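The block underneath contains the structure these notes are about, expressed in C-alpha cells.
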Amino acid sequence: MSGREGGKKKPLKQPKKDNKDLDEDDMAHKQKLKEQQKALEAMKAKASQKGPLTGGGIKKSGKK
C-alpha cells in the first residue's frame with residue numbers, strides 16, 4: 001500500500017458528443033417541447049396571481 005493510491009480516483013474523460021444533424025421531425029419535436037414549456041410557465045404565473053384555493057370543504061371549529 002503506497003500513499004499515492006488513496007483518495008478519489010479521477011473519472012475517465014467522456015468523449016465529446018458529435019453535433020448530429022437534426023431532421024424535420026426532431027426540429028418539430030423540440031419546437032413542441034418549447035411551446036409546452038412556455039404554456040406551463042404562463043399557467044404558473046396565472047395561478048400565482050390568485051389566492052389560495054381554500055374556499056370549500058368542512059370548516060373546523062376552534063373548540064376541542
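The values are calculated or read from the model by the stated rules, or taken from the named source; none is laboratory data. This structure is a prediction, so every number in the text was calculated from the model and none was measured. Note that each Cβ is placed from the backbone with ideal geometry, even for glycine, and that neighbours are counted across all protein chains shown. Keep in mind that these areas ignore ligands, DNA and RNA; they rest on the heavy atoms of the full protein, side chains included. Shrake-Rupley method; radii C 1.70, N 1.55, O 1.52, S 1.80 Å.
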Residue list for region 29-64, filter: modelled with pLDDT under 90, open to solvent by less than 100 Å² (accessible area, probe 1.4 Å) and among the hydrophobic types (A, V, I, L, M, F, W, C):
ALA45, ALA47
Pairs needed: first member in region 8-32, on the phi > 0 side of the Ramachandran plot; second member anywhere, open to solvent by less than 100 Å² (accessible area, probe 1.4 Å) and not in a helix (DSSP H, G or I); C-beta distance under 6 Å; at least 6 residues apart or different chains.
none
Looking at (1) open to solvent by 80 Å² or more (accessible area, probe 1.4 Å); (2) at pLDDT below 85, which is the one condition that is false for LEU22?
(1)
